[in-house]
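Note sheet for the following structure.
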Number of protein chains: 2
Amino acid sequence: MAVDMNERRQLILKLVIQEFIETSTPVASELLLRKYGLAVSSATIRNEMAALEDLGYLTHWHTSAGRVPTDAGYRYYVENLMDRTPLSATEQRTIRHQFYQVRSELDQWIQLAGAVLARTAQNASVVTPPRAYQARFKHLELIAIHEATVLLVLVLHDGTIRQQSFTLESARPQEDLSRSAARLNERCHDAPIGKIEEMLQQERTVTPAQLDELDLVVLDLITKAMHQLEDQVNGQIYSDGLLEMLNQPEFAQVARVRQVLEMLQSGKGLGPLIPRVLANNGVQVIIGGEHSRDEMREYSVVLSRYGVADEVVGILGVIGPTRMAYPRTISTVRYISTVMSDMLGDIYGGESSRA
Amino acid sequence: MAVDMNERRQLILKLVIQEFIETSTPVASELLLRKYGLAVSSATIRNEMAALEDLGYLTHWHTSAGRVPTDAGYRYYVENLMDRTPLSATEQRTIRHQFYQVRSELDQWIQLAGAVLARTAQNASVVTPPRAYQARFKHLELIAIHEATVLLVLVLHDGTIRQQSFTLESARPQEDLSRSAARLNERCHDAPIGKIEEMLQQERTVTPAQLDELDLVVLDLITKAMHQLEDQVNGQIYSDGLLEMLNQPEFAQVARVRQVLEMLQSGKGLGPLIPRVLANNGVQVIIGGEHSRDEMREYSVVLSRYGVADEVVGILGVIGPTRMAYPRTISTVRYISTVMSDMLGDIYGGESSRA
DNA sequence: CGCTAGCACTCGGATAGTGCGAGTGCTAAG
DNA sequence: CTTAGCACTCGCACTATCCGAGTGCTAGCG
């Protein structure tokens, strides 16, 4: 058997895949002929399809059904066949405009990115907030709430905010708290955890104490909080567009719905991909169970890193059934990641992570 | 026809409902007899069931099917029939312990409440963060991020935090920002929006200016932000336990799933109930389309207010199909709302909202 | 040697008929 | 008022059947 690629085969594979992506029904030889007016007969197309099947790019579910792409088929399509047209200028403008409108509210960026991704890709989107590789102290605030209860607001260098309450041995006036905060803000300026722990250590051993009891309590809380935050790096994955995804015909039976919900909620199946995406530049496409096993076998993921290199980075992307409009999805993910990177660049003033 | 309630009828209604809640299958007369050993024959039970049907408490879907409760039936059950045993001491302890462990991280309370509710009620939970009726300024922080870009962290009296970035005409050193923040913190202490707007107004007209340009810019941002936050009072509804709910047999077809997802996402159907819940003390049970129309016809909601009266309040509860384990759900909602109220009481120092 | 017309063959899915079992509603008697 | 008995009603599962969509193969053609 001549298991080689040639132009005609490529064309047929491309058409089969595009047709399947569009209609979600197995593609018959006759249909390709009618719809695209190929210059050969359906029998020839069938022969080519059989060859493509030998190559591992197509299958069919039963004898009398049309062809369906395999994961390898999709992979070949994404790598060699598909059109790589970026989003239209109009779409780009629309998206950029939406982001412009929420430019001052950082927490809305994520939400917006998720919504836009989901809507244009008609699938679920996943977005992690921009985070620094290493937690670095930026600012701290102590606010007297009630009696000895104090609210601690901790702002990290990457914009992460954490609020936490704690109770002192005895009540302290707001001035004390403010003074303590000011002292610590100065001493911890831009410090990573290590530095702060060091300081704490030193302070406890050296006798002429420069910090008072309150300061120490707070420092202790801070290091704990920073550790926690660092442990859950990208731990939280926001997702949106469940509804859009459910409109895809593959979710006709509830079992699939449950499956995908579990996946999104647990972040399992997605988690293992994160380091890979963080390490690489550009859009990553994972088709079916290419990297993780079972859980993801029927799903594809299109992910990209975004952010400012060496400052803050996050991940955004789309998840959906392997039958996914790859060209459009990839363009969208790419574009939104550049927009987000640009906006972060404006704030952090570095080069954005994606060229 | 003697359409009256009597003890036997009540018992039968109760058993039918409990049985249906448990098995989700129509309840037959014979079954009640066998399972609960009633002292009458199945024919009598049938007669009683027919009477209960006349009263509007039961229906059946077709002639040869067992009985199923109507919304009115559930209502009667909740009001008069069901056992009102609180959660067991063990369960209470477990829950309280879980909350104790996250006592210092306010943002985790909501998440925990949602998770516990969902898990014990085996349905979706909804929780809104505790919010004040009226936005009141608590604290503000200005942090230089990069060049002229400044991060504004605004803390309201109810613990709401908002971060927002803005750009100045020209860069200012952190000291300027800190001084400005200190000034404003002092002047705006505990002020509601109105006060701040007044101040802003006055400052602009009176000639011997006490505040500088930076202060005014920030004040302006603050009022805008506070307005926005106030407009979306309880706008955000966290929900959890979708998966638990999907395990309920009523979600065997995907249409239902989509329906409920839309409802949760849009907050439609839930929104109209909020004022009602905020206005009343205690657990509110809304069965089927009792208050809103169509969208909610097949769902019930068990909600309660929580918080500290006149300080901060929020809502938490459970949403699920009308066939819901009301006694357990109600107890859980009630208990968690008291726990949350107690915890908030510890912070805000008032009487908790629920007796 | 590649292409194609023709045809047998294979399945899936829709449709209809059937029987069964679960429950009810009614009636008539205790 | 209760209940035994029974006719009646449906939903559901099962089977048989048919139809159409597609394929794979073969033989013949250029």
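The values are calculated or read from the model by the stated rules, or taken from the named source; none is laboratory data. As the structure is a prediction and not an experimental result, all values here were calculated from the model. Neighbour counts run over all protein chains shown; Cβ positions are idealised from the backbone, glycine included. With ligands, DNA and RNA removed, areas are computed over all heavy atoms of the protein, side chains included. Shrake-Rupley method; radii C 1.70, N 1.55, O 1.52, S 1.80 Å.
So here's what we get for this one:
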quantity: Considering residues of the range A:89-107 that are among the hydrophobic types (A, V, I, L, M, F, W, C) and within 14 Å of chain B (Cβ to nearest Cβ) only, the residue least open to solvent (accessible area, probe 1.4 Å); calculated: A:F99
quantity: 3 or more residues among the aromatic types (F, W, Y) and away from DNA strand D (no atom under 14 Å from the Cβ): qualifying helices (runs of 4 or more DSSP H) within the range A:10-108; calculated: none
quantity: Scope the range A:135-188; condition of a type in the set (G, A, S) and in contact with a Ser or Thr (Cβ under 7 Å, 6 or more places away or on another chain); matching residues; calculated: A:A148, A:S165
quantity: Unmet requirement for A:H146, which otherwise passes all of (1) free of Cβ contacts under 8 Å to residues at least 12 places away in the same chain; (2) more than 12 Å from every other protein chain (Cβ to nearest Cβ); calculated: (2)
quantity: Whichever residue in the range B:195-215 is crowded, with 16+ Cβ neighbours inside 10 Å and of a type in the set (A, V, I, L, M) and, among such residues, is modelled with the lowest pLDDT; calculated: B:L211
quantity: Candidate set: the range A:297-328, residues that are more than 29 Å from A:D346 (Cα to Cα) and of a type in the set (S, T, N, Q); chosen: the one surrounded by the most Cβ atoms within 10 Å (Cβ to Cβ); calculated: A:S300
quantity: Selection status of B:S88, of a type in the set (S, T, Y) and within 10 Å of DNA strand C (Cβ to nearest atom); calculated: no
quantity: Matching residues, the range B:115-154, being small (G, A, S) and either touching a Cys at 6+ places or on another chain (Cβ under 7 Å) or surrounded by 22 or more Cβ atoms within 10 Å (Cβ to Cβ) (or both); calculated: B:A118, B:A121, B:A124, B:S125, B:A132, B:A135
quantity: Output for the range A:48-80, where each listed residue is surrounded by fewer than 13 Cβ atoms within 10 Å (Cβ to Cβ) and near DNA strand C (Cβ under 10 Å from one of its atoms); calculated: A:W61, A:H62, A:T63, A:S64
quantity: Candidates B:S88, B:S64, filtered to the one that is over 32 Å from the mean Cα position of the chain (by Cα) and of a type in the set (S, T, N, Q); calculated: B:S64
quantity: The listed residue being outside any loop (DSSP other than H, G, I, E, B) and free of Cβ contacts under 8 Å to residues at least 40 places away in the same chain, out of B:S292, B:S341, B:S300, B:S331; calculated: B:S341
quantity: From A:S180, A:S165, residue being away from chain B (no Cβ under 14 Å), out of contact with any Gly (no Cβ under 7 Å at 6 or more places or on another chain) and small (G, A, S); calculated: A:S180
